[in-house]
Structures are given as structure tokens and as C-alpha cells.
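Some notes on the structure that comes next.
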Amino acid sequence: MILLQAKAIFPVGVIELKITLNNTNPAIWRKVLVPASITFFDLHHIIQISMGWKNSHLFEFKVGDYKIGYIDPNEAFEDTADANEVTLDLLLKEGTIFSYLYDFGDGWEHTVAVEKFHDKEAGKSYPVCIDGQLACPPEDSGGVHGFSDKLEILKDKKHPEYSFIKQWVGRGYNPEKFNIEKVNRELPKFRSYMKHWK
């Protein structure tokens, strides 16, 4: 396991991040404001809520030469830093672009861009989602290509798999809709999502 020990690049504040799900066209993305002092483990859960994932699979960040992820105490990960131990302000600066991989099977790869550092605003709660586009794919839908195939089926009610896929994606699923209000209702609870991993 890699240990990272250094001083924060910037004073503690708020980081504006843009998270884009790779290889989606039009792009599925979110913009969030997060405290710079949180860990990458915290960020994982914030991304889960903001994008619309269900926190059912493993994850990994890559920042420059560093791999950061969940460390199972019963296994050895000599090339990976513990996401519980590394804070954002240790590695990130304005203009940094890094990756977030969720679900090693489906391989949902995201590009995360550090757009700005902000001062905290008095009376404002963080994290908060400030913008986004389109709904997240359903879990276990076979990666970007599998998801694209399912969207094509949903456009054709005469397709032999239409009824099955319609039921599988769930009632009310609309790939065109991003519900920012729902995300911001859930984000204040993000620490409770971490219990699944602890």
C-alpha cells in the first residue's frame, strides 16, 4: 500500500469538479462543489450520489502516477494508496485532470477535471451539485456499449426485447432527465453511504 505524506497544495476551501462519464455522446456529466479537505473515499461516495450510481462495486482513482482505491485489510495492494487516507488537497490543483473507474466489470470510466478552487461561503452546505446533464446508466448494464444497445431497444416498442428492457431499467427511468434536486437532497447524507465499505 502506498502512503502519501505531504502538505496540502492549497489552503482548505472548496473545489469545483466536473465529472464526465467517458465515451457517452451526448456526454453524461455533473458539476459538484466539494470541501478540499475530504478524502478520495468521501469523493467516491459523492460521485456515486451525483452521477446516480448505487455503490455496488469497487472503484479506483488515478491521479498522475498515483492509484487510489479501497484497501481490503486482508489483501495487499502495494501499488495503491488508501482512499481513506488521502485527501483531495494533497494532490489536486486547478487544471488537474484525473480518472475515476467504477465497476471493474462494466468499466465505467469517468474523467474528473478540477475547474476552480473557491472560498467557502458562509451558510452554504457542501458537497453540492451545481449542474449536470442526462441520467446515469442503470447499474450492470454492460458498460457504455451495453447501455447504448439498451437505449436503442427502448426507442423501438416493436423490438422483441423492448418489454424486458423496459422492465429492467425500472419504472420512470428517463435517460434524458437529470434530477439535480434529488441529488442535492441525497448529498448531505453521503457519509451514511460509506457504512457499506467500513
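The table that follows gives values for the structure above.
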{"read-out": "FRET E, pair residue 191, residue 158, Förster distance 45 Å, beta-carbon r, rounded to 0.05", "value": "0.45"}
{"read-out": "Helix axis angle, 40-51 relative to the chain longest principal axis, alpha carbon, degrees", "value": "30 degrees"}
{"read-out": "Cβ-based exposure ranking for 54, 177, 150, in which fewest neighbours within 10 Å come first", "value": "177, 54, 150"}
{"read-out": "Gyration tensor verdict on region 136-175 (Cα atoms; rounded if a/c is under 1.5, prolate if a/b is larger than b/c, oblate otherwise)", "value": "oblate"}
{"read-out": "Rounded to whole Hz, the Karplus (6.51, -1.76, 1.60) HN-Hα couplings of region 184-191, x for glycine and proline", "value": "6, 6, 8, 4, x, 9, 4, 5"}
{"read-out": "Sequence of 120, 155 once ranked by neighbouring C-beta atoms within 10 Å, starting from the fewest", "value": "155, 120"}
{"read-out": "Cα-centred dipole magnitude for region 136-175, charges only on beta-carbon of K, R (+1) and D, E (-1), debye, nearest 20", "value": "260 debye"}
{"read-out": "Residue exposure sequence - 182, 62 - by fewest surrounding Cβ within 10 Å", "value": "182, 62"}
{"read-out": "Crossing angle, helix 143-154 versus the chain [Cα axis fit, 0-90 degrees, rounded to tens]", "value": "30 degrees"}
{"read-out": "Restricting region 62-151 to GluC sites (Glu not before Pro) in coil, as DSSP defines it, with at most 14 other Cβ within 10 Å", "value": "75, 78, 94, 121"}
{"read-out": "Spatially proximal lysines relative to residue 158 (Cα-Cα < 17 Å; intrachain offsets below 8 disregarded)", "value": "150, 166"}
{"read-out": "FRET efficiency estimate (nearest 0.05) - Cβ-Cβ, residue 151 to residue 99, R0 30 angstrom", "value": "0.80"}
{"read-out": "5 angstrom amide H check on residue 134, placed H, neighbours 5+ away", "value": "178"}
{"read-out": "Listed residue pairs exceeding 28 Å between alpha carbons, taken from 62/116; 93/189; 18/157; 120/182", "value": "18/157"}
{"read-out": "Per DSSP, loop trypsin sites (Lys or Arg not before Pro) in region 63-119 with at most 12 further Cβ within 10 Å", "value": "93"}
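Read-outs throughout are calculated quantities, based only on the coordinates presented, and are distinct from any laboratory measurement. Worth saying up front: this structure is predicted, and the values here are computed from it rather than measured. Using ideal geometry, Cβ is built from the backbone for each residue, glycine included, and neighbour counts are taken over all protein chains shown.
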